[in-house]
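These notes are about the structure you will find just below.
The values are calculated or read from the model by the stated rules, or taken from the named source; none is laboratory data. As the structure is a computational prediction, the values presented were derived from the model and not from experiment. Heads up, the Cβs are rebuilt from the backbone with ideal geometry, glycines too, and the neighbour counts pull from every protein chain shown. What goes into the accessible areas is simple: the full protein's heavy atoms, side chains included, and nothing from ligands, DNA or RNA. Shrake-Rupley method; radii C 1.70, N 1.55, O 1.52, S 1.80 Å.
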Amino acid sequence: MMKICTILLLRKDDSMEIGFCGYSYHTTTYTFPFPNRLETYLIRLQTEGTARIVVNGKTYTARPGDLLLVKPGDEYELHVDTPASGDYHLFCDGLTLDAWWVAVDRSRITSISIDPRLLSLWQHITEEARRPTTEQSPDLIETLIEALLLMLDRSVQEVQANVRPPVVSRMMRYIEGNVTSDFKVADVADAVGLSVSRTVHLFKEVTGMTIVAYAQSIRLQLAEEQMQYTQHSLERIAELSGFRSYPYFHRIFKRKYGVAPGVYRTLQQKNEKNKKE
């Protein structure tokens, strides 16, 4: 069985054409059933299991995190020899894709971090494209695709620059996505499939910060933004930013900024008032 979403988007100017977009999960063996010579670009991210892919006669084994890029005119074959294989894919053509493809040298297959935000964006594109034709916004879908391409480029650049191991990037994404909840270090370890001790050591070694310190830094940024742009009480801001209690928030905030949250907020308001005058 295969789940797939098919969409077609036509624009009046410099048309962008999308053939297939979405997520496929193969529970049985499968072979790509369409003509092998592609007429569009293919961007494919393996998320589960493995797949055997042949491009222009060369065979690649796609594993979780492998990003495959194929251009129009290439011969493409997909073979799922074992069940439980999942991937996100986008068959698309147009000037936006042409410009993106030639902007840098593209590797056929690159291992990247499976970023939940990246997958969420891919899902958003699919959901927007599933709307009835009369409700679709071609501009919105194209903008989302452009954002997807930029995020893919960033993921590839991180790998090429060896900024950090993909597993640490996944830790950071998990923390960022759950920072307002009361998660534990063990939850981060479970999310990346490592032991707690290995997770703690690797994160500190690569980032120079503990997991708790990294989470606190994000929570403080959230609190600072809310103090500046909302009328919430300080107690409510502490809660919304993920701190367990206001006294704890007060202590951590004062330690970093040198003043209590209430004093900081008053100073910020005075500065904004002076700027307007």
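If you go through segment 34-62 and keep only what is at pLDDT below 90, under 17 Å from Y88 (Cα atoms) and part of a loop (DSSP other than H, G, I, E, B), you end up with G49, T50. Among the residues here, I112 qualifies as over 17 Å from E146 (Cβ atoms), open to solvent by less than 60 Å² (accessible area, probe 1.4 Å) and modelled with pLDDT under 90.
Report yes if some residue within segment 78-95 is open to solvent by 70 Å² or more (accessible area, probe 1.4 Å), touching a residue at least 60 places away in the same chain (Cβ under 8 Å), within 21 Å of the chain's Cα centre (by Cα) and on the phi < 0 side of the Ramachandran plot; otherwise report no. No, segment 78-95 has no match at all. Quick one: is L118 aliphatic (A, V, I, L, M), under 23 Å from I53 (Cβ atoms), crowded, with 18+ Cβ neighbours inside 10 Å and at pLDDT 85 or above? Criteria met by L118. Pairs meeting the criteria (first residue in segment 263-277 and closer than 10 Å to Q228 by Cα and charged (D, E, K, R), second residue at pLDDT 80 or above and open to solvent by less than 80 Å² (accessible area, probe 1.4 Å), beta carbons under 6 Å, at least 6 apart or on different chains) are R265/M227. Taking T230 as the residue in question, decide whether it is touching a helix residue (DSSP H, G or I) at 6+ places or on another chain (Cβ under 7 Å) and loosely packed, with under 14 Cβ neighbours inside 10 Å. When the stated conditions are applied, T230 does not pass them. Answer with yes or no whether A238 is over 27 Å from L119 (Cα atoms), surrounded by 14 or more Cβ atoms within 10 Å (Cβ to Cβ) and touching a Phe, Trp or Tyr at 6+ places or on another chain (Cβ under 6 Å). Answer is yes for this residue.
Of all residues in segment 12-33 being touching a Gly at 6+ places or on another chain (Cβ under 8 Å) and surrounded by 14 or more Cβ atoms within 10 Å (Cβ to Cβ), which is modelled with the lowest pLDDT? Among those that are touching a Gly at 6+ places or on another chain (Cβ under 8 Å) and surrounded by 14 or more Cβ atoms within 10 Å (Cβ to Cβ), it is M16.
Of everything in segment 209-239 that is part of a helix (DSSP H, G or I) and among the hydroxyl-bearing types (S, T, Y), the residue that is nearest to the chain's Cα centre (by Cα) is Y214.
A count restricted to segment 241-277 and to residues that are of a type in the set (S, T, Y), assigned to a loop (DSSP other than H, G, I, E, B) and crowded, with 17+ Cβ neighbours inside 10 Å stands at 1.
Residue pairs whose Cβ atoms lie under 9 Å apart, separated by 6 or more positions or on different chains, with the first residue in segment 166-193 and closer than 18 Å to R117 by Cα and in contact (Cβ under 8 Å) with a residue 24 or more places away in the chain and the second assigned to a loop (DSSP other than H, G, I, E, B) and open to solvent by 50 Å² or more (accessible area, probe 1.4 Å), are V167/G193; V167/L194; S169/V163; M171/L194; M172/R164.
Checking R236, R255, R244 one by one, the residue that is without any contact (Cβ under 8 Å) to a residue 40 or more places away in the chain, basic (K, R) and closer than 30 Å to A189 by Cβ is R255 and no other. Considering only residues of segment 96-109 that are over 15 Å from L148 (Cβ atoms) and of a type in the set (A, V, I, L, M, F, W, C), which is farthest from the chain's Cα centre (by Cα)? Taking the candidates together, the pick is V102.
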